[in-house]
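Student: My structure is below; once you've seen it, I'll send some questions.
The values are calculated or read from the model by the stated rules, or taken from the named source; none is laboratory data. Everything numeric here is computed off the predicted structure, so don't read it as measured data. So basically every Cβ, Gly included, is an ideal-geometry build from the backbone, and we count neighbours across all protein chains shown.
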Amino acid sequence: MVEEELDGEPWFHDIKEYIRRGVYLVQAIGDQKRTIRRLATGFFFSGGVLYKRTPDLGLLRCVDAKQAATIMTEVHSGVCGPHMSGYVLVKKILRAGYYWLTMERDCISFVRKCRQYQVHGDLIHSPPSELHTMSAP
């Protein structure tokens, strides 16, 4: 699952501070500074919130580990629909407007731990002919 950084800050803290104030971490070396600069070009900071830019000029809100866990739970088994595979879960979360770096890996891991999906997953992916038997009139 998404993990907080060792200093207790969310994964996007360094990028946010670079965009907001133009400063790097005190302990950042050349390669880390270059990586932060490169990553920062794909993000947008507005109103205290960091957003990820998408190719179609949309914005996805960057979330921390706690928010990501809540979002995955709600979208997978809450009001957003039935239990789904990890890849479908990622797409639904992106459509809802949220982003974090390890979304795909986290969603696949989350779905693997979902008991209801494991029980009913085969039915979700079965072709209609297997689900409905044709009876002769």
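Student: Does GLY97 qualify as being under 25 Å from LEU59 (Cβ atoms) and at pLDDT 90 or above?
Tutor: Judged against the criteria, GLY97 is a match.
Student: Same structure again: Any idea how many residues of the stretch 40-66 are at pLDDT below 90 and among the hydrophobic types (A, V, I, L, M, F, W, C)?
Tutor: Of the residues in the stretch 40-66, 2 are at pLDDT below 90 and among the hydrophobic types (A, V, I, L, M, F, W, C).
Student: While we're here: Take the conditions in contact with a Phe, Trp or Tyr (Cβ under 6 Å, 6 or more places away or on another chain) and either modelled with pLDDT under 90 or surrounded by 11 or more Cβ atoms within 10 Å (Cβ to Cβ) (or both) and apply them to VAL119. Does it pass? Don't jump to the end; show me each part of the working.
Tutor: On the way: in contact with a Phe, Trp or Tyr (Cβ under 6 Å, 6 or more places away or on another chain): no; either modelled with pLDDT under 90 or surrounded by 11 or more Cβ atoms within 10 Å (Cβ to Cβ) (or both): yes.
The answer is no for VAL119.
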